[in-house]
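Here is the structure we will look at, set down as structure tokens.
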Amino acid sequence: MFSDLVRHGFRRRRIRIVKLLSTQYAIIGTLPVEAGLHCGIIVRGRYFCLGVTMMVRIEPQNTVVTLINVFTVSPENQQKLVDMLIEATQKTMRHIPGFVSASIHKSADGTRVANYAQWQTAKDFEAMLHNAEAGAHMRPIQEIATYDAHLYEVVDSFTIEG
């Protein structure tokens, strides 16, 4: 149980664990992490944020799967695509089980937009692809952009500290 907490960056001293059933545990309360204060719950080893933004963690110990989706778009549609991806993430994607994070990037030349997204498992990502609400957001995006999407595993990550 605590390995799940450590993987998500939680510190033990502020965590209160409540046993719900023999196979379920919940974390209730304020949890300090690098990005600020968080309130969430873990059920059967899966973390569910209760409305507070978490810091994206890119490190080999993180067991999520990473989607890197690079969209190609005309420069006049780049900002429109960014806005569509943000809306899709805010309204739908982040509410789909297994969603962890999404970071939207736009290229300086105006021709590309990259979505770096994390899902708890490849199965969760595949389920999102069959979600009707997610599809409703993605269809208009496919009308203005092409994309190259693949799932990845973080092999290593470096900072200025090492």
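Here are a few things to note about the model shown:
- 17 Å reach of a label modelled at Ile144, 7 Å along Cα-to-Cβ, counting backbone N of region 80-118: 80-91, 104-115
- For region 65-152, the spread of Cα coordinates along the three principal axes comes to 34, 25, 18 Å, biggest extent given first.
- Cut-off 14 Å, label 7 Å out along Cα→Cβ of Ile68, residues of region 117-149 by amide N: 117-118, 148-149
- Sequence of Thr66, Thr121 once ranked by neighbouring C-beta atoms within 10 Å, starting from the fewest: Thr121, Thr66
A short reminder: the numbers here are calculations on the coordinates, not readings from a lab. This is a predicted model, so every value here is computed, not measured. Positions of Cβ are generated from backbone atoms using ideal geometry, with glycine treated the same way; all protein chains shown enter the neighbour counts.
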